[in-house]
Amino acid sequence: MRYDRKYLICGLTYAIAGMALGMAMAASHNHEQRVTHAHLLLVGFVTSMMYGIIHNLWLNEVTPRVAKVQFILHNLGATTMIIGLFLLFQQALPEQQLGPILGMASATVMAGMLLMLWMVIKTGKLDK
Ligand code: HEM
Ligand code: HEM
């Protein structure tokens with residue numbers, strides 16, 4: 001499957017999970033998971049959709065190995081961040097324990113973004 005389509009499916013899945021959490025928050029009048037909801041939708045849904053659009057419009061599968069690593073980094077970082085935030089705001093685990101995990105998840109999401117920038121720059125060079 002092409003990476004634009006993979007990102008489209010992942011992005012829409014994050015959207016459904018994020019909206020379900022938003023609906024649960026609204027129904028229960030308990031907004032403690034607001035930050036989890038925000039990142040599930042913005043790092044999960046919106047950023048994945050952006051990556052899908054970038055793949056479709058500009059990348060044309062020219063760097064498949066890097067694309068695979070980038071896809072894994074983004075999804076690994078995003079899911080770890082979302083689960084970590086959920087556990088944090090649910091007060092299921094102490095912040096001292098979750099802090100380093102959230103830090104690593106953030107660095108992984110950032111690495112995915114840096115790799116996407118690298119692919120965009122590299123593809124521009126290959127086009128010439
Ligand atoms: C079924 C759809 C949705 C429902 C029921 C829902 C529900 C909620 C609720 C109850 C809050 C907490 C508000 C507060 O405490 O001030 C919230 C906050 C938020 N939602 Fe949603 N939401 C939905 C869709 C979305 C979507 C699609 C996005 C973004 C793509 C989004 C982004 C945000 C953000 C960024 C916040 C935090 C806002 C802030 O901190 O001021 N939500 N949402
Ligand atoms: C490495 C990635 C990211 C990290 C480490 C990060 C970290 C944070 C932190 C620490 C907060 C404050 C949470 C609090 O008030 O307790 C926050 C809030 C927020 N971030 Fe992020 N963020 C990241 C990516 C993003 C992205 C990509 C977006 C949007 C596209 C985004 C949108 C927001 C929004 C809207 C809020 C306010 C949420 C609220 O207060 O309800 N973040 N983020």
Residue within the stretch 108-120 that is under 10 Å from the mean Cα position of the chain (by Cα) and small (Gly, Ala, Ser) present: yes
Subset of the stretch 25-51 (residues that are out of contact with any Phe, Trp or Tyr (no Cβ under 8 Å at 6 or more places or on another chain), more than 8 Å from ligand 2 (Cβ to nearest atom) and among the hydroxyl-bearing types (Ser, Thr, Tyr)): Ser28
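In the stretch 90-105, what count of residues is obtained for those that are surrounded by fewer than 16 Cβ atoms within 10 Å (Cβ to Cβ) and touching a residue at least 12 places away in the same chain (Cβ under 8 Å)? Can you show your working first?
Step one: of the stretch 90-105, the residues surrounded by fewer than 16 Cβ atoms within 10 Å (Cβ to Cβ) are 90-97, 99-100, 103-104.
Cutting the leftovers down to touching a residue at least 12 places away in the same chain (Cβ under 8 Å) gives us 90, 104.
Here the count works out to 2.
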Test set (1) free of Cβ contacts under 8 Å to residues at least 12 places away in the same chain; (2) more than 19 Å from Ala111 (Cβ to Cβ) - Ile83 fails condition number: (2)
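Pull up the stretch 33-84, narrow it to residues that are within 16 Å of ligand 1 (Cβ to nearest atom) and aromatic (Phe, Trp, Tyr), then point me to the one that is surrounded by the fewest Cβ atoms within 10 Å (Cβ to Cβ). Give the steps one after another, and end with the answer.
Here is the first cut: in the stretch 33-84, the ones within 16 Å of ligand 1 (Cβ to nearest atom) are 33-53, 78, 81-82.
Checking the rest, the ones that are also aromatic (Phe, Trp, Tyr) come to 45, 51.
Working: Phe45: 22, Tyr51: 26.
Among those residues, the one meeting the criterion is Phe45.
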Some residue of the stretch 112-119 being in contact with a helix residue (DSSP H, G or I) (Cβ under 9 Å, 6 or more places away or on another chain), loosely packed, with under 15 Cβ neighbours inside 10 Å and under 25 Å from Leu21 (Cβ atoms): no
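Coordinate-derived values only; no laboratory data. It should be emphasised that the depicted structure is a prediction, and the values quoted were computed from it without experimental measurement. In this analysis, Cβ positions are derived from the backbone assuming ideal geometry, glycine residues included, and neighbour counts consider all displayed protein chains.
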